[in-house]
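The values are calculated or read from the model by the stated rules, or taken from the named source; none is laboratory data. Because the structure is a prediction, the values reported are computed rather than measured. Neighbour counts are summed over all protein chains in view; Cβ atoms, including those assigned to glycine, are modelled from backbone coordinates with ideal geometry.
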Amino acid sequence: MNRRTLGKTLLGGLAAAAVALGAGGFGAGPAAAQEKLKVGFVYVGPVSDHGYSYQHDLGRLAVEKELGDKVTTSYVENVPEGADAERVIEQLAAGGHKLIFTTSFGFMNPTLRVAQRYPDVKFEHATGYRRSKNVATYAARFYEGRTPLGLIAGKMTKSNIIGYIGSFPIPEVVSGINAFTLALREANPQAEVRVVWVNSWYDPGKEAEAAKALIDQGADVISLHTDSPAAIQVAQERGLYAFGQSSDMTRFGPKAHLTAIVDEWDQYYISRVKAVLDGTWKAEDTWGGFKDKMLYLAPYNPALPQDVVALAEKARTDIMEGKRHSFQGPVKDQSGKVVIPAGQNATDEQILKMDWYVEGVVGKVPK
Amino acid sequence: MSLFRLEPRGEASKTMLYATPLLAVALTLASGFLLFLALGFDPVRALHAFFVAPVSSLRGLGELALKATPLVLCAIGLSIGFRANVWNIGAEGQLTLGAIAGGGVALAFYGEGAGWWLLPLMMLAGIAGGMLWAAIPAFLRVRFNASEILTSLMLTYVALLLLNYMVNGPYRDPDGFAFPESRLFEEAATLPILIAGTRVHLGALFALLAVAGGWVLMARTFIGFQIKVIGLTPQAAGYAGFSQKRIIWLCMLLSGGLAGLAGVGEIAGPIGQITPSISPGYGFTAIIVAFLGRLHPLGILLAGLLMALSFIGGEAAQIELSLPKAITGVFQGMLLFFLLATDVLIRYRVRFGARRAAA
C-alpha cells in the first residue's frame, strides 16, 4: 500500500508538473498564465491520507477537470496549524492566487490575517466561524451522516460498547458524537459510547493505538473523526467493525468497513470557482448536508442485514427530505436535563456551539 | 585493488571540521540536482524554486528569519549543554511551557489596559516556564543520576498534554464557539515587528543576542572553560575541582530558559494567541541544528537559517512545481546523511591509488 501511495504521489506530481510546464510553456508563458484564474488549496494532512485531505484534493481535481481551460490550481499539503500556516497562505496570495481554500479549522486566524493584507484575493475557510469582506466559510453537516451510522452500530454491536476516536473536542466533533449516540440509543437503548481523544487530525500511529485501547475496553464497533484509515485496519485485524471517515475506506478493511461518511467537495468547489469567474462571489457561509450533496454514505458492507441497511437508508432519506433531524427533542444531556425540548430540533447555533455530551456517552468533554 | 583508501590523521583536522558542513551542503545540492533530473523536472528550475525564489524578496527573507528564530534560540542553549555532555532532548517541552507561562500572563491582563511592562513580564514568565520544566530533569539527574535524555524527552509529552488541557480549559476563548484556542492577544501583548512588510519580530533580535552571548560564554569565560573540560574529560574536571552538578544545573536551566523564550516568542509573535499546536517540532529540529552548526554559536546561526530555508523551500517547490511535500524531508535527510558521512574526513585523509608496495 505504501509503495502504491508513493507511486501515485510521484505520478500525480509528474502529471501536474507536465500540465504546469505545458500550460506555462516557455517564453510566452507568463502572459498566457495570467489570464487563467489561479486557485490555491491548503491541506492539513498529506493528500495521501485517504481521508479528509484526500477528499479535498478530489474536489480540486474536479475543478481542474471541469474548468481546466479557465483555471490552474495548486496545493500545499501537510501544513501545520501554527505560525507556518500564515506563511503558506501568504505565499499563495503573493504568488498570484486569487481564490484560496484553507481546509482546516486551525487555519482560521492565519487566513483572516492574510486576507486583510490581500483585499483583492478571495479566501474560503473550512469549518471555522469567522468571516470578513473577502473570507467566506464552508463546512459540511458532518453530524447528519452520524445518524445512519449510529443506527447501524446499535444493530451490529454485541458488547453494547462503541468506541469513538475523536480528534479535537471542538463542536464539529462533539456534535458528531452526540448525533451518533442519539441514533445508537434509538436502535439499542443499552449501548454506550466511549471516546478517546488523539488531539490530532492525522496521526495513524495514535489512531491505531486509540482503536486498540477502545477494543480492549470491550468496544466491537469503532467510529472515528480523524483522517486516516488506521483504525479500520485494526478493526479488520481483530475481526470487528468500523466506520470510515471522510472517504470510502473499504479497501483498508473490506470485512470491517460497514460504511463511511464521505465528504464531497467537488460541486461546492466548482460553484465557488465559477462564482469568482463570473464576479458573483460573496463572503458567505455555506453549511451543507446530504440534501446539498456535500455528504454521502459509502457503499454498505454486504455483511449488513437487509433490515439494518433499510433502517439506515430511511434515516438518510428522511434527513434529506427534512422529515428527520439528527437532534430532535427531547434530547437530554448526561445529567438527565432536557436541553432540546420535545417537538423541537436543535438550532444551528446550538450545534455550532455544542460542548456537552448527550446521555449514553461515557466520560466528560475535555474542558 | 581499491582506487582510494582512508588513512588516519595524527589529529583531527581543524580545516575539515569547518569544511565538511559546506561539503555536505554541496553534495546535497548535487544529489538534489540528480534527483530532480530523475523525477523529470528541470533541475535548475527546481533548485531555483527550492533555494533561491523563497528568499529573493524582502518578505521571503523575513520568513526565513522568522522560521530560524526559534530554531537558533533552542539550539544555542542545547549546544552549550551538549558540550558538557548534558543531553537535554526536551527543548520542545520547555518551549511549550514557555508559551503556556508567557501566554498565561498575556491572558491574565487581557482587557485591563496593560502598559509597556506587559511584554517584558511575558518574556520573563516564558523564560521561567522553560527553566522550570528543565529543572525537573536537572534535579533528577543531580539527585538520582537519572538520565536526562529520557526524563527531558518524556516531559515533552507531558508538556504537550498540559497545553491541550489549558487550551481546552482555562485558556479557552469564551467567545470562540468552544474551539480549543485562546483569545487573540491584544496589541500590548504582541511583539513589535522589526522590519515593516515582514513578520520578523523582536524575538529575532533575542536570537542574535543569544548567539553573541553563547559565544562569549563559551570562548571568554571561566564557566565556558569548565563546560568544555567537563565535556571532554569529566575526570580531569573532577581533579580540577569543577562542580559537575553546578554545570548540569546551569546547562539545563540555560537551555530551558532559551527554549521557553522561543516559545513565548512564537505565541506573542507570528501566532498571536495560544493554540493547540505552537511548534511544528522546533525543539527537536534544534538538536539537528546544533550538531549541523558544530555546536558553535556562529555555525548554529548559519545552520538554523539553512534548516529554515529547507522548510520554506519545500513549500515553495510544492506551490511552484507541485513537488510532493516529502521532498523537504528528503533534502533534510540528505543533508544530515552527507554531514555524518563526511565526518570521516576529520579523522582520516583520502589517499588515491593503491598502497605502495614498499609501505
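The set of residues in segment A:75-93 that are at the interface with chain B (Cβ under 7 Å from one of its Cβ atoms) and of a type outside the set (S, T, N, Q) comprises A:76, A:77, A:80, A:81, A:82, A:83, A:84, A:86, A:87, A:88, A:92. Would you mind stating whether residue B:126 is over 30 Å from residue A:169 (Cα atoms) and under 22 Å from the mean Cα position of the chain (by Cα)? No; evaluated as a whole, the condition is false for this residue. Under the condition of being in a helix (DSSP H, G or I) and among the hydroxyl-bearing types (Ser, Thr, Tyr), which residue from segment B:278-293 is farthest from the other protein chains (Cβ to nearest Cβ)? Per the stated criteria, the residue is B:285. Counted as qualifying within segment B:12-126 are the helices (runs of 4 or more DSSP H) with 3 or more residues that are surrounded by 24 or more Cβ atoms within 10 Å (Cβ to Cβ), namely B:58-83, B:91-108.
So which residues in segment A:129-149 are within 14 Å of chain B (Cβ to nearest Cβ), out of contact with any Lys or Arg (no Cβ under 8 Å at 6 or more places or on another chain) and either buried (at least 24 other Cβ atoms within 10 Å of the Cβ) or not in a loop (DSSP other than H, G, I, E, B) (or both), if there are any at all? Correct list: A:132, A:139.
Which of the numbered conditions does residue B:139 fail, given that it passes all the others? Conditions: (1) at pLDDT 95 or above; (2) within 13 Å of chain A (Cβ to nearest Cβ). So residue B:139 meets the others, but not (2). Residue B:199 meets all of the listed conditions (1) surrounded by 16 or more Cβ atoms within 10 Å (Cβ to Cβ); (2) away from chain A (no Cβ under 11 Å) but one, namely (2).
Just the residues that are assigned to a loop (DSSP other than H, G, I, E, B), touching a residue at least 60 places away in the same chain (Cβ under 8 Å) and within 27 Å of the chain's Cα centre (by Cα), please, taken from segment B:181-212. Residues satisfying the conditions are B:181, B:182, B:184, B:185, B:190, B:191, B:195, B:197, B:198, B:199, B:200. Screening residue A:312 on (1) assigned by TED's automatic domain parsing to the domain that holds residue A:156; (2) at pLDDT 95 or above; (3) aliphatic (A, V, I, L, M); (4) more than 19 Å from residue A:152 (Cα to Cα) shows it passes everything except condition (4).
Quick check on my filter: what residues within segment A:213-229 are in contact (Cβ under 8 Å) with a residue 12 or more places away in the chain, at negative phi and surrounded by fewer than 24 Cβ atoms within 10 Å (Cβ to Cβ)?
Correct list: A:213, A:215, A:217, A:220.
Can we say residue A:73 is buried (at least 24 other Cβ atoms within 10 Å of the Cβ) and touching a residue at least 40 places away in the same chain (Cβ under 8 Å)?
Spelling it out, it is not the case that residue A:73 is buried (at least 24 other Cβ atoms within 10 Å of the Cβ) and touching a residue at least 40 places away in the same chain (Cβ under 8 Å).
Taking into account only those residues within segment A:322-336 that are out of contact with any Lys or Arg (no Cβ under 9 Å at 6 or more places or on another chain) and of a type in the set (S, T, N, Q), which is nearest to residue A:192 (Cα to Cα)? Out of the qualifying residues, it is A:335. Taken over segment A:314-363, the criterion of being away from chain B (no Cβ under 14 Å), over 15 Å from residue A:180 (Cβ atoms) and among the acidic types (Asp, Glu) is satisfied by A:318, A:321, A:333. Screening residue B:132 on (1) surrounded by fewer than 18 Cβ atoms within 10 Å (Cβ to Cβ); (2) within 14 Å of chain A (Cβ to nearest Cβ); (3) in contact (Cβ under 8 Å) with a residue 40 or more places away in the chain shows it passes everything except condition (2).
Counting only helices (runs of 4 or more DSSP H) that sit wholly inside segment B:215-277, those with at least 1 residues that are modelled with pLDDT of 95 or more and within 14 Å of chain A (Cβ to nearest Cβ) are B:244-266. For segment A:217-228, the set of residues classified as within 13 Å of the chain's Cα centre (by Cα) and part of a loop (DSSP other than H, G, I, E, B) consists of A:225, A:226, A:227, A:228, listed by residue number. Here are some residues: B:97, B:66. Which one is within 20 Å of the chain's Cα centre (by Cα) and within 14 Å of chain A (Cβ to nearest Cβ)? Selected residue: B:66, the only one of B:97, B:66 that is within 20 Å of the chain's Cα centre (by Cα) and within 14 Å of chain A (Cβ to nearest Cβ). Return only the number of the condition from (1) in contact with a helix residue (DSSP H, G or I) (Cβ under 6 Å, 6 or more places away or on another chain); (2) without any contact (Cβ under 8 Å) to a residue 24 or more places away in the chain; (3) away from chain A (no Cβ under 14 Å) that residue B:152 does not satisfy. Here residue B:152 meets the rest and fails (2). Take the conditions surrounded by 23 or more Cβ atoms within 10 Å (Cβ to Cβ) and closer than 28 Å to residue A:80 by Cα and apply them to residue B:320. Does it pass? Criteria not met by residue B:320.
Every condition in (1) assigned to a helix (DSSP H, G or I); (2) of a type in the set (Gly, Ala, Ser); (3) closer than 30 Å to residue A:217 by Cα holds for residue A:336 except the one numbered (1). When residue A:46 is tested against (1) within 15 Å of the chain's Cα centre (by Cα); (2) surrounded by fewer than 23 Cβ atoms within 10 Å (Cβ to Cβ); (3) modelled with pLDDT of 95 or more, only condition (3) is not met.
Counting the residues of segment B:316-326 that are assigned to a helix (DSSP H, G or I), in contact (Cβ under 8 Å) with a residue 40 or more places away in the chain and within 7 Å of chain A (Cβ to nearest Cβ) gives 2.
Tell me the residue from A:152, A:100, A:89 that is crowded, with 24+ Cβ neighbours inside 10 Å, β-branched (Val, Ile, Thr) and outside any helix (DSSP H, G or I), please. Just a single option satisfies the conditions, and that option is A:100. Among the residues of segment A:238-252, write down those that are of a type outside the set (Ser, Thr, Tyr), within 24 Å of residue A:43 (Cβ to Cβ) and either assigned to a loop (DSSP other than H, G, I, E, B) or within 13 Å of the chain's Cα centre (by Cα) (or both). Matches in segment A:238-252: A:244, A:245, A:248, A:249. Just one of the numbered conditions (1) farther than 23 Å from residue A:197 by Cβ; (2) away from chain B (no Cβ under 14 Å); (3) without any contact (Cβ under 8 Å) to a residue 60 or more places away in the chain; (4) surrounded by fewer than 24 Cβ atoms within 10 Å (Cβ to Cβ) is not true of residue A:160: (1).
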